[in-house]
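The numbers here are math on the coordinates, done by the rules we state, and not lab data. Just so you know, these numbers come straight off a predicted model, no measurement behind them. Here the Cβ positions follow ideal geometry from the backbone for every residue, glycine too, while neighbour counts run over all protein chains shown.
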Amino acid sequence: MEVYFYIHDPTTLNRQGPDVGTQYRSVIFYHTPEQKRVAEEVIAQLEEAGVWDDPIVTEVTPASAFYAAEDYHQEYFRRNGGQPYCQIVVAPKVAKFRKQHLDKLKV
C-alpha cells in the first residue's frame, strides 16, 4: 500500500497526469474482508495525516473478473522506453520509485 499511494495521485478523480477516464481512477480491488479493512484503514490514516491537500478519492471495490491487457501492453515500458510518453511521463516516475523503494524491487 505504501508504494501504491506513493506512485500515483489518489486525489484526482478519473485522472492520472495527462491521462483521463475511468480506467485511470485510483482504485483498490479487494478479495477478502480483511483486504478491504486494511485498505480503508490506510486511507483513513493518510487522510488523518494530511499527506495531500485534497481528499483521497481512491475507491475500495470488490474484485471481479480480471482481463489481461493486450500483448502490446505487456512490458510496455521495458520494450518502448524510448517513446516520448515513456520518456516524459513514465521514466521520471520509475526513477523516483527506484530511488525511494529500491529495497522493494525484485533483483
Need the failing condition index for Y85 against (1) farther than 24 Å from K99 by Cα; (2) aromatic (F, W, Y); (3) without any contact (Cβ under 8 Å) to a residue 12 or more places away in the chain, just the number. (1)
Considering only helices (runs of 4 or more DSSP H) fully contained in the range 28-107, which possess at least 3 residues that are within 17 Å of the chain's Cα centre (by Cα)? 33-49, 91-101
Determine the pairs where a residue that is closer than 13 Å to T58 by Cβ, located within the range 30-47, has a partner that is assigned to a helix (DSSP H, G or I) and charged (D, E, K, R) with Cβ atoms under 9 Å apart, the partner being 6 or more residues away or on another chain. Y30/K36; Y30/R37; V42/E2
Note on T22: of the conditions (1) surrounded by fewer than 11 Cβ atoms within 10 Å (Cβ to Cβ); (2) in contact with a Ser or Thr (Cβ under 8 Å, 6 or more places away or on another chain), unmet is (2)
